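This report refers to the structure that appears directly beneath it.
The values are calculated or read from the model by the stated rules, or taken from the named source; none is laboratory data. The model shown is predicted, which means the values in this text are computed figures rather than measured ones. As a convention, Cβ positions derive from the backbone with ideal geometry for all residues, glycine included, and neighbour counts pool all protein chains shown.
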Amino acid sequence: MTSMPDVAEAYIRLAHSLDAHLEGFVDGYGGPPEWADRTVRAPTELHAEAGALLDAVNAVEDADRRAFLTVQVRAMHTLTRMLMGQKLPYAEEVRGLFDIDPVRADSRVLDGALAALDAALPGSGSLLEREEALRARVALPKSEILRVAAPILAALRERTRQRFGLPDGENFSIELVSDKPWGGYNWPLGNLQSRIDINTDLPVLLPTLPDLLAHEGYPGHHTEHATKEAKLVRGRGWLEHSIQLLNAPECVVSEGIAVNARAALMSGEELDAWLTGELAAVARLDPDDIRAFQQAGLARKELKGVSGTAALMLHADALPESEVLDFLMQYSVASTERARQSLRFISQPTLRAYIFTYSVGGELVEGWMERQGNAGFTRLLSEPLTPGQLRAGLA
């Protein structure tokens, strides 16, 4: 049986072996370089290794550490089954990798949200025409994105430092990229550092920029990774937190944190005042356009289950891509270009089940925050909580 502290080494080595088969499974790593061995080994060997590691994890004394490692290794075990050619039903794939159930949106809720959005959008023309016209009026020129982002990040960082604390030496760089299936991404680099990429394939909108930067930076992904590195890796010697895995339950909590990151720092009313005041002036945009975009936001919030439902249509119902694309265009109120971007995301092998980490994780963390407030969010940033522990806390 693997002994302590060797369980962390075995966990990290197995993760890198899986990454050799499915590049991108390891999302970030800052641990011992010699453990990052990506030598290709047979899936059957990795399956047996994952099973043995599950047994070894049972001997971990700390209950929270044991709970985290158990669900993480269980996801690795599921992935080895898939690598061996087992065709799992899509819902079982989501449960096996993320310890959550996929959720299909209620069509009545979606139709109601479209009606509310139709009533809220200004101007004349079709729903899509008015949505696209308003988006164009609040979009930032590519050359302006980083300039406008700077004061937003400064404010978010200071609020995060005051409310939740930040480890000394944390920092990240930010870059503009293109040809990606996502809008933004945080790459954990280790040593309390990250790189944040903003995708410019589609226009970047001022009203969504604070949420994007909170999601990826303060107090979202970067803050979580840096805090856990400081407290769990350096503070407690739990080296399994020096690696971040893409298809594992930790992503449900991480995306849940990120989805709620801006709300952990400021209310919707504070955000609206900031956007239509200081930030509108910085970006040289009309506050009335920003106000109109924000007023339609409540209707858009009720459309958050669209991407997950599209994924179920594609992978569980086996509907043709053209039908899924039509659904995305209708209920995301999206141009063909934006709908294809969403379809590209849910079609990626490493992301096809990931889509539910946003909606399900977001609701779990939102409920957790409602019950526990700032102290609860601080725990999420610094403790190895699992989706199951969040569910239990809400029961």
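For region 59-74, does any single residue satisfy the condition of being farther than 19 Å from residue 385 by Cα and more than 20 Å from the chain's Cα centre (by Cα)?
No: region 59-74 contains no residue that is farther than 19 Å from residue 385 by Cα and more than 20 Å from the chain's Cα centre (by Cα).
Of everything in region 300-319 that's assigned to a helix (DSSP H, G or I) and not aliphatic (A, V, I, L, M), which residue is surrounded by the most Cβ atoms within 10 Å (Cβ to Cβ)?
Step by step, filter region 300-319, then rank; the result is 309.
So which of 335, 322, 342, 382 ends up being hydroxyl-bearing (Ser, Thr, Tyr), surrounded by fewer than 21 Cβ atoms within 10 Å (Cβ to Cβ), assigned by TED's automatic domain parsing to the domain that holds residue 131 and without any contact (Cβ under 8 Å) to a residue 40 or more places away in the chain?
322
Every residue in region 162-182 that is in contact (Cβ under 8 Å) with a residue 12 or more places away in the chain and under 16 Å from residue 262 (Cβ atoms), please.
The answer is 163, 164.
Does at least one position in region 124-140 carry a residue that is assigned by TED's automatic domain parsing to the domain that holds residue 328, at pLDDT 95 or above, farther than 18 Å from residue 289 by Cα and not in a loop (DSSP other than H, G, I, E, B)?
No, region 124-140 has no match at all.
Which numbered condition in (1) in contact with a helix residue (DSSP H, G or I) (Cβ under 6 Å, 6 or more places away or on another chain); (2) touching a residue at least 40 places away in the same chain (Cβ under 8 Å); (3) buried (at least 21 other Cβ atoms within 10 Å of the Cβ); (4) part of a helix (DSSP H, G or I) is the only one that residue 369 fails?
(3)
What are the pairs with Cβ atoms under 9 angstrom where one residue, in region 124-139, is farther than 13 Å from residue 329 by Cα and the other, located anywhere, is acidic (Asp, Glu)? Sequence gap at least six, or different chains.
Within 9 Å, the pairs are 130/118; 134/289; 137/286; 137/289; 138/286; 138/289.
Consider residue 74 carefully, then state whether it is more than 25 Å from residue 351 (Cα to Cα) and in a helix (DSSP H, G or I).
no
Condition first: among the acidic types (Asp, Glu) and at pLDDT 95 or above. Now tell me which residues in region 328-369 satisfy that. Before you say what the answer is, go through the steps one by one.
Of region 328-369, the ones among the acidic types (Asp, Glu) are 337, 363, 366.
363, 366 - these are the residues of region 328-369 that are among the acidic types (Asp, Glu) and at pLDDT 95 or above.
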